[in-house]
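As structure tokens, the structure follows; a few thoughts come after it.
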Amino acid sequence: PATGVTPAQNYSWNYERAFNAQHRAWCAVTMPYHTLGDIQTAGEYLVYSIRHMYHATHRRIAILGHSQGGMSMRWALRWWPDTRAMVDDVIGLAGSNHGTQSAAISLPQGAKLPPASIQQGAKSAFIQALNSDAETFPGISYTEIYSHTDEVVQPNSSPSASSSSLHTGAGSITDVATQDICPLDPYEHLLVGTIDPTAYALVMDALDHPGPAVPSRIGRSTCFQA
């Protein structure tokens, strides 16, 4: 889930319902401190969940996350190398992969903000550690979906100036703004991770095909869906 929400608040009314209708197996990870605590601790919950689901299913798994949740799975992969062989797809929705320059989050270290908010500042030590060495790892497909209208994770105005995008490492990467497919897509940070039909189509494309999502497979009719 994203910062400050539970999996039920983030997903029970959208993706979980869709996965159930598709008979697609899933689990949700509930983070401590309402996903406001130290993301390093949340990362350990992710590591446990990756290992548990991999051994329960006997197959490599996909991880989907929104905002902090679209970034924090990369912390698990970065610092627990055994998890890399267990993950097939990483799918981020408005992920804060390079932190944010938003004034609401990028405050001095002494500011009275929850740890997770401070750690998601663009210049935080956490973000520097997350992206040290390679951003992606071989054998894993990364689909990073973002919106040019994102008011929380900034900048996300272009491929070259996108916090959510990934660029380095040997993983297979698709960085895509919803507006690359639907130029008038209005959905911002909260909605791109919950009800944006363009983002949903990209998520399903990534889950249903080998490799990351391929934007050219998404029909323009998606732009007219609610």
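The values are calculated or read from the model by the stated rules, or taken from the named source; none is laboratory data. Predicted model, so just to flag it, every value in this text is computed and none were measured. Ideal geometry is used to build each Cβ from the backbone, glycine not excepted, and the neighbour counts take in all protein chains shown. These accessible areas exclude ligands, DNA and RNA; they are computed on the full protein's heavy atoms, side chains included. Shrake-Rupley method; radii C 1.70, N 1.55, O 1.52, S 1.80 Å.
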Item to check | Whole-number accessible area per residue in Å² for the stretch 163-226, which is evaluated in the context of all protein chains at 1.4 Å | outcome: 45
Next on the checklist: Need the C-alpha centroid separation for the stretch 8-56 versus the stretch 170-184, integer Å.
Outcome noted: 24
Checklist entry - Relative contact order for the chain using alpha-carbon pairs under 8 Å, separation at least 6, rounded to a whole percent? => result 17
Checklist outcome for this item: Ignoring ligands and nucleic acids, Met31 exposes an accessible area, probe 1.4 Å, in Å² to the nearest 10, of 20
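If you put +1 on each Lys and Arg Cβ and -1 on each Asp and Glu Cβ, how big is the dipole of the stretch 106-224 around its Cα centre, in Debye rounded to 20? List each step's numbers first, then the result.
On the way: 4 positive and 12 negative charges, 42 e Å.
Here the size comes out at about 200 debye.
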Checklist outcome for this item: Checking every Cys Cβ in the chain against the others at 4.7 Å leaves as unpaired Cys27
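When a/c is below 1.5 the answer is rounded, else prolate if a/b is larger than b/c, else oblate, so apply that to the stretch 159-226 with a ≥ b ≥ c taken from the square roots of the Cα gyration tensor eigenvalues.
It comes out oblate by the Cα gyration axes.
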Checklist outcome for this item: Once amide hydrogens are built 1.01 Å from N within the peptide plane, the residues lying 5 or more places from Ala62 or on another chain with amide H under 5 Å from its amide H are Asp88, Asp89
Checklist entry - Using a 1.4 Å probe on the protein chains only, how many percent of the accessible area of the chain belongs to carbon and sulfur? => result 58
Item to check | Per-residue HN-Hα couplings for the stretch 18-27 [Karplus 6.51, -1.76, 1.60; θ = phi - 60°; Hz; x = Gly/Pro] | outcome: 5, 4, 4, 5, 8, 6, 9, 5, 8, 9
Item to check | the stretch 83-193 shape via C-alpha gyration tensor axes, a/c threshold 1.5 | outcome: oblate
Next on the checklist: Past the 17 angstrom mark, what percentage of all C-alpha to C-alpha distances in the stretch 1-46 do you count?
Outcome noted: 37
Item to check | Accessible surface ranking that places the most exposed of Asp196, Asp208 first, with a 1.4 angstrom probe | outcome: Asp208, Asp196
Checklist entry - What is the set of long-range amide H partners of Tyr142 at a cut-off below 5 Å, with H atoms built 1.01 Å from backbone N? => result Val90, Ser172, Ile173, Thr174
